[in-house]
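Colleague: Please see the structure below; I have some questions.
The values are calculated or read from the model by the stated rules, or taken from the named source; none is laboratory data. None of the values given here were measured: they were computed from a predicted structure. Virtual Cβ from ideal backbone geometry, glycine too; neighbours counted across all protein chains shown.
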Amino acid sequence: MVRSLRFVAALVLLGSIGGCEPAPVAIPPGAQQVAVAVSATTVTLTPSAVPAGDVYLVLAFPTGGPGEVWLVRSGNGGLSDGQIAQLAQTGDAGQGIVQESMSASCCGNVVKKTLVAGKYAIILPGPEGSASVVPPISTAILEVNP
């Protein structure tokens, strides 16, 4: 009996250690979703334009391929056309830029973002793994409308 209780206690402890933090993001019915499809050389968005508000980015990475993309935005929202062009050429969109890593994990492949109107870049980073070091391998633009 004591041995059984120890076994159950060990299973409970292991389950709590191996649990997912944070919890997977649930997509509410009717919520705005964007599929972010990633390959070794491209990132594509479907759809590429959405209304402002809560957006659920559903990440799809290939097995054995890249496992991370970056959401690039300005500190107050979207990027200007000049910042997008600079990002594509140099990997740096200038001052006041925020780069957020997004990846799939044991906790799921959905990332919730609340976005205001503007253009946002979702990039497949270059070999250094950072958008600010080298030009990205691929850039997709998400246009968020008012």
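Colleague: In region 51-99, which residues are free of Cβ contacts under 8 Å to residues at least 60 places away in the same chain and among the β-branched types (V, I, T)?
Modeller: Correct list: V58, T63, V69, V72, I84, T90, I97, V98.
Colleague: Is region 27-34 home to any residue that is over 24 Å from G118 (Cβ atoms) and among the polar types (S, T, N, Q)?
Modeller: No, that holds for no residue.
Residue-wise test of (1) out of contact with any strand residue (DSSP E or B) (no Cβ under 8 Å at 6 or more places or on another chain); (2) within 27 Å of A23 (Cα to Cα).
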| position | (1), (2) |
| --- | --- |
| V50 | no, yes |
| G64 | yes, yes |
| W70 | no, yes |
| G75 | no, yes |
| M102 | no, yes |
| I122 | no, yes |
| G126 | yes, no |
| L142 | no, yes |
| P146 | no, no |
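Colleague: Report the residue count in region 41-65 for those that are surrounded by 12 or more Cβ atoms within 10 Å (Cβ to Cβ) and assigned to a loop (DSSP other than H, G, I, E, B).
Modeller: 4
Colleague: Mind listing whichever residues of region 72-94 are closer than 15 Å to L115 by Cα and crowded, with 16+ Cβ neighbours inside 10 Å?
Modeller: Correct list: V72, R73, S74, G78, L79.
Colleague: Is it true that S48 is in contact (Cβ under 8 Å) with a residue 60 or more places away in the chain and of a type in the set (G, A, S)?
Modeller: yes
Colleague: Another one. Would you mention how many residues in region 104-117 are in contact with an Asp or Glu (Cβ under 9 Å, 6 or more places away or on another chain), β-branched (V, I, T) and part of a loop (DSSP other than H, G, I, E, B)?
Modeller: Summing the residues that are in contact with an Asp or Glu (Cβ under 9 Å, 6 or more places away or on another chain), β-branched (V, I, T) and part of a loop (DSSP other than H, G, I, E, B) in region 104-117 gives 0.
Colleague: Across region 59-71, what is the number of residues that are more than 13 Å from K113 (Cβ to Cβ) and among the β-branched types (V, I, T)?
Modeller: 1
Colleague: Still on this structure, please answer the following. Can you find, within region 68-103, the residue that is nearest to V38 (Cα to Cα) among those that are in a loop (DSSP other than H, G, I, E, B) and modelled with pLDDT of 85 or more?
Modeller: Result: E68.
Colleague: Considering each residue of region 99-126, count those that are under 21 Å from G67 (Cβ atoms) and among the β-branched types (V, I, T), and give that number.
Modeller: Number satisfying all stated conditions: 4.
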